[in-house]
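J.: First the structure, then my questions, so here it is.
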Amino acid sequence: MSKKVMGYIVTLVVLAVAVTGGVYYAVVQHNKPLTQEQFAKLPIEEQFKKAPAGHYVHLRKNDPTLYRTTWDKSNFKSYLDQTFGTAKLHSDGTTDEKSKLGTNHMFDDSKLVDSEKGYGEIGQIFFAFRDNAKMYKEVEYDDNLAYNWYFDNPKAAQKDADVSANVTQIYR
């Protein structure tokens, strides 16, 4: 073979390796899952498009966060009625209880019943659910307090009026 043909072959091989490496790098970077921080920076419409399948909860009517959960409806009711409702309190109204409610977020349970400083996250959720006729059927129906809180997928949640009006972040 002549030196000229050999030069073309070497150039083609180097070019093929470079293109293959570039395509591989682009595919790996494109398919890399977003961290929760990166996901949170996306506009809410993008978050709904990229949210993984699963069950989601909107824990308070005006809550700005929608949470993906592994719990079903009965787990929430059981936790609020039996675990949270019987939590051991310190004399100052705080507790050592911790809960994620089946999500990837650790909720603030430290001040369950502190009327001066306000309730912790779980306390707020507890009282929002207690007044929600869609959680507790025995509650007298009040349009201002009733809301859909459990969704089978993010698309169903996005169609809900309270979610679309208030949610600015999805916690996967």
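The values are calculated or read from the model by the stated rules, or taken from the named source; none is laboratory data. All values derive from a computational prediction rather than experimental measurement. So basically every Cβ, Gly included, is an ideal-geometry build from the backbone, and we count neighbours across all protein chains shown.
J.: For the range 128-159, which positions are part of a loop (DSSP other than H, G, I, E, B) and closer than 13 Å to PHE48 by Cα?
T.: Selection gives ASN153 alone.
J.: I'm checking my understanding of the structure. Among residues of the range 69-96 that are in contact (Cβ under 8 Å) with a residue 24 or more places away in the chain and touching an Asp or Glu at 6+ places or on another chain (Cβ under 9 Å), which one is surrounded by the most Cβ atoms within 10 Å (Cβ to Cβ)?
T.: Here the answer is PHE84.
J.: Of the residues that make up the range 49-68, is at least one among the hydrophobic types (A, V, I, L, M, F, W, C), in contact (Cβ under 8 Å) with a residue 24 or more places away in the chain and exposed (fewer than 12 other Cβ atoms within 10 Å of the Cβ)?
T.: Yes.
J.: Any chance the range 14-34 includes a residue that's touching a strand residue (DSSP E or B) at 6+ places or on another chain (Cβ under 8 Å) and of a type in the set (A, V, I, L, M)?
T.: No; the residues of the range 14-34 include none that is touching a strand residue (DSSP E or B) at 6+ places or on another chain (Cβ under 8 Å) and of a type in the set (A, V, I, L, M).
J.: Does the range 123-172 hold any residues that are among the β-branched types (Val, Ile, Thr) and under 18 Å from the mean Cα position of the chain (by Cα), and which are they?
T.: Scanning the range 123-172 gives ILE125, VAL163, VAL167, THR168, ILE170.
J.: Counting just the residues of the range 98-114 that are closer than 26 Å to GLU37 by Cα and among the charged types (D, E, K, R), which one comes out modelled with the highest pLDDT?
T.: LYS100
J.: In the range 133-155, how many residues are surrounded by fewer than 18 Cβ atoms within 10 Å (Cβ to Cβ), over 20 Å from LEU80 (Cα atoms) and modelled with pLDDT of 85 or more?
T.: Selection size over the range 133-155: 3.
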